[in-house]
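Enquirer: Take a look at this one; I'll ask things after.
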Amino acid sequence: MKNILSINGGSSSIKFALYEIGEPLRKIFKGSIERIGLPKVTFHVKGLEITDNFSRSILAGDHAKAVGVLMDWIEERMGSDALATVGHRVVHGGPKYSEPQLITKEMIDDLHQFEAFDPEHLPQEIQLVRAFHHRFPDIPQVACFDTAFHHDMPRVAKVLPIPRRYEAQGVRRYGFHGLSYAFLMQELVRLTPEGGCPSRVIFVHLGSGASLAAVKDGKSIDTSMGFTPSAGLVMGTRCGDLDPGLNYYLARTEKMTVTQFQHMVNHESGLLGISETSSDMQDLLSRESDDLRAREAIEIFCYQAKKWVGSFSAVLGGLDTLVFAGGIGENVPTVRSRICGGLSYLGIELEEKRNAGNEGIISTAGSRVVVRVMHTDEELMIASTVCRVLDFKKEGALL
């Protein structure tokens, strides 16, 4: 059987999943490589076979070396001809790319030019594509752009209030987490009785990266992330929205360079910066009773999310469904409760027992807004998109 490998590269991690081509796609295994470029890099796999379930330390100074370990393991596990194609999540396609498509040399050259749009992700994603091409030169690779879901947002949600000439250079609000939102929208349609899909939806994707999206009739009309994934909500180590004057202030008072500022707002800020101890929400919750810094980090995180829910409900002209997703959104009832607290004027009422149990619907029977907890699956969305791009309609299409 031929398989699709989904690759979801982050700034210091790679998530992956292998699917057997067919209808439906059948997941063989999934996993991750964490802490790339740091001490104690870990390689995790969870699969159908007993031997496909392990966690071990590896040496991987960069993404190319890390994915080399993965490719070695796949070849040893399944043979050199196991892969039909590789699909990549590409966070930012700049002003030129949004629709999923085959990766070409021209695209890679363009993405190199666009690295300034997303220096935290694009260089590593290009490295991953090159590593697969070097090992499997005849296997097609497909780019799935994380900005695609938001591509047709109204101009009022895209244009930045800076001199208009910069828009011609592609400087505008793009939005991210698009693969997650596209998957969640499909799932919401599937879960809703025929003809009853909600018109006004706010998706709340809370993880180490966090964002919200306002969706009307299945289309994104606004989102919290902007020109880069650093904007919007407070995140694990990213600051979210920040007064641009701070850059000038720190340059004057601390001689901070733009590179240092970029590192600070992406790797030293957010929950980690406020708490001074951890970027992990569960760690902070365990400390909040006796650590003011942890408590303030959680309060600011929930407060900012609550503000975005309120503003997006205004943009939508009301709200039918609120969906929590992502590692925090799916698994931390306390955060959901604090975000929704005080939003009864919008028609949001949680049933605390359901919420504590992470049930699929956590709102009360009388709540005007249905509040859901949903699992998102970017890797499955990548594989499904690859099937569409390459027209893999049935099992054996590549044989």
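The values are calculated or read from the model by the stated rules, or taken from the named source; none is laboratory data. All values derive from a computational prediction rather than experimental measurement. Here the Cβ positions follow ideal geometry from the backbone for every residue, glycine too, while neighbour counts run over all protein chains shown. Remember, those area values only see protein heavy atoms, side chains included, never the ligands or the DNA or RNA. Shrake-Rupley method; radii C 1.70, N 1.55, O 1.52, S 1.80 Å.
Enquirer: From the set of residues in the range 233-259 that are of a type in the set (Lys, Arg) and either in contact (Cβ under 8 Å) with a residue 12 or more places away in the chain or assigned to a loop (DSSP other than H, G, I, E, B) (or both), which is nearest to residue 327 (Cα to Cα)?
Expert: Step one: of the range 233-259, the residues of a type in the set (Lys, Arg) are 238, 252, 255.
Adding the requirement that they be either in contact (Cβ under 8 Å) with a residue 12 or more places away in the chain or assigned to a loop (DSSP other than H, G, I, E, B) (or both) leaves 238, 255.
Working: 238: 16, 255: 37 Å.
My answer is 238.
Enquirer: Report whether or not residue 165 is charged (D, E, K, R), in a loop (DSSP other than H, G, I, E, B) and more than 18 Å from residue 215 (Cβ to Cβ).
Expert: No; evaluated as a whole, the condition is false for this residue.
Enquirer: Given (1) closer than 30 Å to residue 306 by Cα; (2) at pLDDT 95 or above; (3) not in a helix (DSSP H, G or I), where does residue 119 come up short, assuming only one miss?
Expert: The number of the failed condition is (2).
Enquirer: Would you check if residue 125 is open to solvent by 20 Å² or more (accessible area, probe 1.4 Å) and charged (D, E, K, R)?
Expert: Numbers: open to solvent by 20 Å² or more (accessible area, probe 1.4 Å): no; charged (D, E, K, R): yes.
It is false that residue 125 is open to solvent by 20 Å² or more (accessible area, probe 1.4 Å) and charged (D, E, K, R).
Enquirer: Any residue in the range 34-61 that is farther than 17 Å from residue 10 by Cβ and of a type in the set (D, E, K, R) sitting within a Cβ distance under 7 Å of a residue that is open to solvent by less than 40 Å² (accessible area, probe 1.4 Å) and in a strand (DSSP E or B)? List the pairs, counting only those 6 or more apart or interchain.
Expert: From residues that are farther than 17 Å from residue 10 by Cβ and of a type in the set (D, E, K, R), the pairs are 46/29; 46/31; 52/29; 52/45; 56/43.
Enquirer: Still on this model: Looking at (1) touching a Lys or Arg at 6+ places or on another chain (Cβ under 8 Å); (2) assigned to a loop (DSSP other than H, G, I, E, B); (3) open to solvent by less than 20 Å² (accessible area, probe 1.4 Å); (4) under 25 Å from residue 262 (Cα atoms), which one does residue 153 not meet, given that it meets all the others?
Expert: Checking residue 153 against (1) touching a Lys or Arg at 6+ places or on another chain (Cβ under 8 Å); (2) assigned to a loop (DSSP other than H, G, I, E, B); (3) open to solvent by less than 20 Å² (accessible area, probe 1.4 Å); (4) under 25 Å from residue 262 (Cα atoms), the one that fails is (4).
Enquirer: Sticking with this structure for a sec: Looking at the range 218-229, is at least one residue within 12 Å of residue 322 (Cα to Cα) and either of a type outside the set (Gly, Ala, Ser) or over 16 Å from the mean Cα position of the chain (by Cα) (or both)?
Expert: In the first step, residues of the range 218-229 are kept if they are within 12 Å of residue 322 (Cα to Cα); the result is none.
No; the residues of the range 218-229 include none that is within 12 Å of residue 322 (Cα to Cα) and either of a type outside the set (Gly, Ala, Ser) or over 16 Å from the mean Cα position of the chain (by Cα) (or both).
Enquirer: Within the range 230-277, work out how many residues are within 19 Å of residue 296 (Cα to Cα) and more than 24 Å from the chain's Cα centre (by Cα).
Expert: Residues flagged as within 19 Å of residue 296 (Cα to Cα) and more than 24 Å from the chain's Cα centre (by Cα) within the range 230-277 amount to 1.
Enquirer: Here is a further query. Restricting the range 1-19 to residues that are under 14 Å from the mean Cα position of the chain (by Cα) and of a type in the set (A, V, I, L, M), which is nearest to residue 102 (Cα to Cα)?
Expert: 7
Enquirer: For the range 202-227, enumerate the residues that are of a type in the set (Phe, Trp, Tyr) and either farther than 30 Å from residue 189 by Cα or assigned to a loop (DSSP other than H, G, I, E, B) (or both).
Expert: Across the range 202-227, the qualifying residue is only 227.
Enquirer: Output the strands (runs of 3 or more DSSP E) that fall wholly within the range 1-96 and possess 1 or more residues being open to solvent by less than 10 Å² (accessible area, probe 1.4 Å) and β-branched (Val, Ile, Thr), or say none.
Expert: Details: elements: 3-9, 14-20, 26-34, 41-47, 54-58, 83-90.
Where strands (runs of 3 or more DSSP E) fall fully within the range 1-96 and carry at least 1 residues being open to solvent by less than 10 Å² (accessible area, probe 1.4 Å) and β-branched (Val, Ile, Thr), they are 3-9, 14-20, 26-34, 41-47, 83-90.
Enquirer: Would you call residue 352 in contact (Cβ under 8 Å) with a residue 40 or more places away in the chain and among the acidic types (Asp, Glu)?
Expert: Details: in contact (Cβ under 8 Å) with a residue 40 or more places away in the chain: no; among the acidic types (Asp, Glu): yes.
No, not satisfied.
Enquirer: Kindly list, by first and then second residue, each pair from a residue in the range 150-168 that is in contact (Cβ under 8 Å) with a residue 24 or more places away in the chain to a residue that is in a helix (DSSP H, G or I) and open to solvent by less than 80 Å² (accessible area, probe 1.4 Å), limited to pairs with Cβ atoms under 7 Å and residues at least 6 apart or on different chains.
Expert: Every condition considered, the pairs that remain are 150/178.
Enquirer: Another question, then. Kindly evaluate residue 230 against the criterion of being among the hydroxyl-bearing types (Ser, Thr, Tyr), part of a loop (DSSP other than H, G, I, E, B) and open to solvent by 40 Å² or more (accessible area, probe 1.4 Å).
Expert: Numbers: among the hydroxyl-bearing types (Ser, Thr, Tyr): yes; part of a loop (DSSP other than H, G, I, E, B): yes; open to solvent by 40 Å² or more (accessible area, probe 1.4 Å): no.
Considered against the rule, which asks whether it is among the hydroxyl-bearing types (Ser, Thr, Tyr), part of a loop (DSSP other than H, G, I, E, B) and open to solvent by 40 Å² or more (accessible area, probe 1.4 Å), residue 230 comes out as no.
Enquirer: While we're looking at this one, here's another question. Which of the residues spanning the range 261-282 are open to solvent by 60 Å² or more (accessible area, probe 1.4 Å), over 18 Å from residue 230 (Cα atoms) and either in a loop (DSSP other than H, G, I, E, B) or aliphatic (A, V, I, L, M) (or both)? Write out each step before concluding.
Expert: First, the residues of the range 261-282 that are open to solvent by 60 Å² or more (accessible area, probe 1.4 Å): 262-263, 267-268, 276, 280, 282.
With over 18 Å from residue 230 (Cα atoms) added as a condition, the list becomes 276, 282.
Residue satisfying the conditions is 276 alone.
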